[in-house]
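Worksheet: one structure, shown below.
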Amino acid sequence: MSIDLRIEKRGKAIVELIIVIVFLFLLMITFISHFMTQKEHISEAGFNRIANVFFSQVNVIRSQWLMDRKPKKVRLSVMGKEQKLLMSVNQWGWLDVEDKILVCDKIWQLAVDMPMEFMKSPVSAVQLKTDVEQQGHVCRYGINSGQYFEYRSATGQVTQYTIDK
């Protein structure tokens, strides 16, 4: 009788183990499907965060420019670094560069100080035009999802957009 009892207990343990494995598998499938449906929202929120950091930095630079009595270049202290960064500004005090090549890339580096990459995908930077009346640059920064923001160096305006697919 004791052998039959051990076999029966082992059978129950195997059935319980299979039930637990199936339950964990279903939980994993649910999590993965939920994550995939939310991936676009996560990407959107993350890129909005970058646009907000860009906008904040542009405004910090302009504020420092005003406090320093409108110099041609603004010095900003960076937390954790002893050196101060020298930021290029235009005549209105907005973040800008005088270069003619890779203007938008250089503005990005000054504003967010990070590689032009978002969630292991490149961020594209396109100089749309030079605003002839205002003598400023118009830069568009975008990602593959169709989300982008534009920066106008003549006014300091940062505007966010999404292209519907």
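The values are calculated or read from the model by the stated rules, or taken from the named source; none is laboratory data. Keep in mind that this is a model prediction, so the values were computed, not measured. Every residue, glycine among them, receives a Cβ derived from its backbone with ideal geometry; neighbour counts consider all protein chains shown.
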Out of curiosity, is residue 33 small (Gly, Ala, Ser) and either over 30 Å from residue 157 (Cα atoms) or outside any helix (DSSP H, G or I) (or both)? yes
Within the bounds of the stretch 61-74, is there any residue that is touching an Asp or Glu at 6+ places or on another chain (Cβ under 8 Å), modelled with pLDDT of 90 or more and farther than 30 Å from residue 162 by Cβ? yes
If I filter the stretch 36-75 down to residues being among the aliphatic types (A, V, I, L, M), without any contact (Cβ under 8 Å) to a residue 60 or more places away in the chain and in a helix (DSSP H, G or I), which single residue comes out as farthest from residue 157 (Cα to Cα)? 36
Within the stretch 82-108, which residues are more than 13 Å from residue 154 (Cβ to Cβ), in a loop (DSSP other than H, G, I, E, B) and not hydrophobic (A, V, I, L, M, F, W, C)? 82, 83, 98, 99, 100
Within the stretch 76-125, residues being among the acidic types (Asp, Glu), surrounded by 11 or more Cβ atoms within 10 Å (Cβ to Cβ), more than 22 Å from residue 146 (Cα to Cα) and free of Cβ contacts under 8 Å to residues at least 40 places away in the same chain number 2
Matching option when the condition is among the small types (Gly, Ala, Ser), in contact with a Phe, Trp or Tyr (Cβ under 7 Å, 6 or more places away or on another chain) and part of a loop (DSSP other than H, G, I, E, B), among 154, 125: 154
